[in-house]
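Accompanying notes for the structure given below.
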Amino acid sequence: MIFLTLEHILTHISFSVVSIVIIIHFLTLLVNEFVGLYDSSEKGMLTTFFCLTGLLITRWIYSGHLPISDLYESLIFLSWIFSIIHMVPYFKKHKNYLSTITAPSTFFTQGFATWGLLTDMHQSKILVPALQSQWLIMHVSMMVSGYAALLCGSLLSAALLVITFRKVIRIVGKNNNLLNDSFPVDEIQYMMEKKSIFKNTFFPSSRNYYRFQLIQQLDHWGFRILSIGFLFLTIGILSGAVWANEAWGSYWNWDPKETWAFITWTIFAIYFHTRTNKNLEGLNSAIVASIGFLIIWICYFGVNLLGIGLHSYGSFTLISN
């Protein structure tokens, strides 16, 4: 009873604090002079991290296993990983470009886990026989950590695309207005102009130097986080294959979860291939990573809606009439 009460308190404290952090982020976006509020938001995310850590430890103690065995527990664990990713630049004294992504991700993930799922799904249950293995910690923790890192990296790539294409549209619009006032431009000249704009987007000038620096930082941090996420995802898939062989007698069964995990891995393998290709890096790799964002949610969350396959124990609870 004590553990349940403590878990309930930590859950509401962490969600309340991260809600305040979101409000602070909106205020700092509107008014740049509020430097003190930015520091408060970082301390708020630190508080959220400790509350989520205490929540997971408390649930681990009274359940007897690492709390990553169902959808509710994995969402809380995912929120915890988001808070860890948020604090990495903070402790390294770098400008935290991740805060605009990690704080809302923590808020929405924990909010859905706390308020969006049925109360019955919050209760800790005895592990099904398939999950009573030492591979549970290795496989699930690596997969969820990989999802969290890949989601953050994908959102950074999406932000890079938004900033870049906003500039491209603005430049193309200005050039079209100037050229239309003087003389008509045929399609070939327009395509050549458009191509040069994409190429020059990544070079600084006195007017857009800050935007150039921001794009470079987004690309840099996105690549680093996606690299870590891809490594975790690879380890998670390999450990899952070994576990599947022990539990079901086969390394790979083309279960819906397994299939979408493989699709996810393939998408980000293509991303890293485009990064090594000089002709494809930049916008092309960012587009691939942005597509990967949707694929991850289908793999992690969408497949659970089906409630079928060998991973059906992670699906939603169905209520019988």
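The values are calculated or read from the model by the stated rules, or taken from the named source; none is laboratory data. Please read these numbers as outputs of a predicted model, since none were measured by experiment. Please note: Cβ atoms are built from the backbone with ideal geometry, for glycine as well, and neighbour counts cover all protein chains shown. Each accessible area value is taken on the protein alone, full model and side chains, heavy atoms only, with ligands, DNA and RNA left out. Shrake-Rupley method; radii C 1.70, N 1.55, O 1.52, S 1.80 Å.
Scanning segment 209-255 for residues that are more than 30 Å from Pro89 (Cβ to Cβ) and open to solvent by 40 Å² or more (accessible area, probe 1.4 Å) gives Val242, Asn245, Glu246, Ala247, Trp248, Gly249, Tyr251, Trp252, Asn253, Trp254. The sole residue among Ser105, Ser83, Ser99, Ser154 that is in the same structural domain as Thr266 (by TED's automatic domain parsing) and either of a type in the set (Gly, Ala, Ser) or open to solvent by 20 Å² or more (accessible area, probe 1.4 Å) (or both) is Ser154.
Each residue in segment 235-274 was checked for being of a type in the set (Val, Ile, Thr) and closer than 12 Å to His139 by Cβ, and 3 pass. Only residues that are farther than 22 Å from Tyr72 by Cβ and open to solvent by 30 Å² or more (accessible area, probe 1.4 Å) were counted across segment 1-29, and they come to 5. For segment 86-95, the set of residues classified as out of contact with any Lys or Arg (no Cβ under 8 Å at 6 or more places or on another chain), in a helix (DSSP H, G or I) and surrounded by fewer than 23 Cβ atoms within 10 Å (Cβ to Cβ) consists of Met87, Val88, Tyr90, Phe91, listed by residue number.
A single member of Thr259, Thr276 is free of Cβ contacts under 8 Å to residues at least 12 places away in the same chain and open to solvent by less than 70 Å² (accessible area, probe 1.4 Å), and it is Thr259. Report yes if some residue within segment 64-78 is part of a helix (DSSP H, G or I) and open to solvent by 30 Å² or more (accessible area, probe 1.4 Å); otherwise report no. Checking segment 64-78: not a single residue is part of a helix (DSSP H, G or I) and open to solvent by 30 Å² or more (accessible area, probe 1.4 Å). Here Arg59 clears all of (1) among the basic types (Lys, Arg); (2) open to solvent by 10 Å² or more (accessible area, probe 1.4 Å); (3) touching a residue at least 12 places away in the same chain (Cβ under 8 Å) except the condition numbered (2).
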